[in-house]
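Computed from the coordinates by the stated procedures, all read-outs in this text should not be read as laboratory data. Keep in mind it's a predicted model, so treat the numbers as computed, not measured. Ideal geometry is used to build each Cβ from the backbone, glycine not excepted, and the neighbour counts take in all protein chains shown.
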Amino acid sequence: MKARREYPSRPLVGAGAVVHDGSKVLLVRRKFPPHEGRWALPGGLVELGEGTDDAAVREVREETGLEVRLEGLLDVATDVQLDADGRARYHYVLIDYLAKPARGGVRLNGESSEYGWFTLEEVRGLDMSAETRRVLEVYFKGS
């Protein structure tokens, strides 16, 4: 049974990665809500029976075509978007790993409209969620 993303009955768990190469990180521009049209880390929902680390690797591969090697847990974030009545329209617990490209080139699937490799200075000017920005700040502070 597929999880209902909008107005879920409970928080949904997502896994993704800050994929870095040199001084740049890989971001994708989302095609669909939440955060439609905004830059984001590649990632998605954890499937039943799947570990969050495996989900992060799978989601990066599905969204970008890249095989990555995880280097460790980077951050755990919560992304809640309330509607005008104060109901949770979207509620995600996001587990983000640090990863390096292992092989392959970027080939987007249908979930994203574009991708880019960005430096810290370039990231500052991009439209993204507050949680994505915070996770990237954690990464750039530690790099």
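Data overview
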item	result
DSSP bridge pairs, segment 12-142: antiparallel proportion in percent, nearest 5	75 percent
Pairwise FRET efficiency - Glu67 versus Glu6, Cβ, R0 = 41 Å, nearest 0.05	0.85
Ranked by how many other beta carbons lie within 10 Å on average, peptides 20-30, 44-54 from highest	20-30, 44-54
Structure-based [θ]222 nm, the chain - -39500 (n - 2.57) summed over DSSP H runs of at least 4, per residue, nearest 500	-6500 deg cm²/dmol
Trypsin sites (Lys or Arg not before Pro) restricted to segment 65-105 and DSSP loop, no more than 14 other C-beta within 10 Å	Arg87
Segment 42-121: C-alpha pair distances exceeding 14 Å, %	69 percent
